[in-house]
1. Residues of region 245-283 being hydroxyl-bearing (Ser, Thr, Tyr), surrounded by fewer than 22 Cβ atoms within 10 Å (Cβ to Cβ) and in contact with a strand residue (DSSP E or B) (Cβ under 6 Å, 6 or more places away or on another chain), which ones?
2. Mind telling me which of the residues Leu119, Leu176, Leu187, Leu192 ends up being out of contact with any His (no Cβ under 9 Å at 6 or more places or on another chain) and crowded, with 17+ Cβ neighbours inside 10 Å?
3. Looking only at region 15-35, count how many residues are under 8 Å from the mean Cα position of the chain (by Cα) and among the aliphatic types (A, V, I, L, M).
4. List pairs: first residue in region 242-261 and outside the structural domain of Val217 (by TED's automatic domain parsing), second residue of a type outside the set (Phe, Trp, Tyr) anywhere in the structure, Cβ distance under 6 angstrom, at least six positions apart or on different chains.
5. What number of residues in region 42-59 are crowded, with 22+ Cβ neighbours inside 10 Å and among the basic types (Lys, Arg)?
6. Evaluate the following for Ala13: is it among the hydrophobic types (A, V, I, L, M, F, W, C) and over 26 Å from Asp186 (Cα atoms)?
7. When only residues in region 44-66 that are farther than 24 Å from Ala200 by Cα and in a loop (DSSP other than H, G, I, E, B) count, which is farthest from the chain's Cα centre (by Cα)?
Amino acid sequence: MNDIDAEINAKIASANNILIVSHVRPDGDAIGATLGLGLALKQAGKKVQLVLNDGLPASFRHLPGSDLINKEPQGQPDLFITVDCADFKRTGKQFENYRKPDINIDHHITNEKFGVINLVEPDTVATSAVLTSHLPLWGLTITQDVAANLATGIITDTLGFRTSNTTPDALRQAALLMETGINLPDLYTRALVSRSFSAARYWGAGLSSLKTLDGIVYATMRISDRKLAGYGGNDDADLINIISAIEDHAVGMIFVEQRGTVKISWRALQPGIDVSKVASHFGGGGHKAAAGADISGSLDEIQSRVLQVTREMLNL
């Protein structure tokens, strides 16, 4: 056990009421890490609060422990943990004046090390994979319910083991989790294949907006598109993964209109391209191959500016 693991182990052992928080518009890894760690701590006799600013998307409500997710923290916890957050602002507005996290667990290369203790492993495929390795070192057990959540995090962040950073360790971790009795094919299908009718209609709006510019292929998804499709989320319904499969382009992007802001996702579609530096320029973060940012302003103005800066920074 290294020094960081020893510190985290001691913090967990001395805490009774533990708050776990992840980022706004949570993806599968944020949800899997939150639920996986939360259930492991609950099984160890701890009182846990699991908070996601935007709640739990319908596509992940099958996961064990999903009923434990709340949108607001209650009281003052003994221990405050963030998972899968590259910067503290991503936890949401209700934490703007909250205390500094005691433990920050993440895998993003752009992590700002904002916790008192920072367990950040940029070479690991997912925060859920970080937890798979470290939970036993903290005296916590990976039961079948914990494993289902952690496997979902690994599956989603590797797009089903298709991302370029997939390692033999990631596959070994998936096998280890599968040995608890989880149905990995079912978790894979629910996370990456199955989509609601409204999400499919929303995809249609995004795909009909596709454009190309100097090696960039990008889509635009407006608030009106979501309303017309009947899609209840405020994300892109994972359309970025479809855009990432389009051939003969260097970068894939998606612009998702919010109220007063625009969420932008970048994907590197060719080796050697680092989209995280573009996202960081706009106050976001992520990985070399996948990154995102939220920018205040109108969609049309932001889109024009972001496309120009992306071309300039990536020499497209």
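1. Filtering region 245-283 for residues hydroxyl-bearing (Ser, Thr, Tyr) gives 261, 265, 276, 280.
Now narrow it down to the ones that are surrounded by fewer than 22 Cβ atoms within 10 Å (Cβ to Cβ): 261, 280.
Selection gives Thr261 alone.
2. On the way: Leu119 fails: out of contact with any His (no Cβ under 9 Å at 6 or more places or on another chain); Leu176 fails: crowded, with 17+ Cβ neighbours inside 10 Å; Leu187 fails: out of contact with any His (no Cβ under 9 Å at 6 or more places or on another chain).
None of the other options fit; the residue is Leu192.
3. Going through region 15-35 one residue at a time, the tally reaches 2.
4. Pairs that qualify, where the first residue is outside the structural domain of Val217 (by TED's automatic domain parsing) and the partner is of a type outside the set (Phe, Trp, Tyr): there are none.
5. Total satisfying the criteria: 0.
6. Working: among the hydrophobic types (A, V, I, L, M, F, W, C): yes; over 26 Å from Asp186 (Cα atoms): yes.
Criteria met by Ala13.
7. Gly45
A quick yes/no check of all residues on (1) in contact with a Cys (Cβ under 9 Å, 6 or more places away or on another chain); (2) crowded, with 20+ Cβ neighbours inside 10 Å; (3) touching a residue at least 40 places away in the same chain (Cβ under 8 Å):
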{"site": "Ala13", "(1), (2), (3)": "no, no, yes"}
{"site": "Leu35", "(1), (2), (3)": "no, yes, yes"}
{"site": "Ala40", "(1), (2), (3)": "no, yes, yes"}
{"site": "Arg61", "(1), (2), (3)": "no, no, no"}
{"site": "Leu68", "(1), (2), (3)": "no, no, no"}
{"site": "Glu72", "(1), (2), (3)": "no, no, no"}
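The values are calculated or read from the model by the stated rules, or taken from the named source; none is laboratory data. This one's a predicted model, so the numbers in the text were calculated from it and none came from an experiment. Cβ atoms come from the backbone with ideal geometry, glycine included; neighbour counts cover every protein chain shown.
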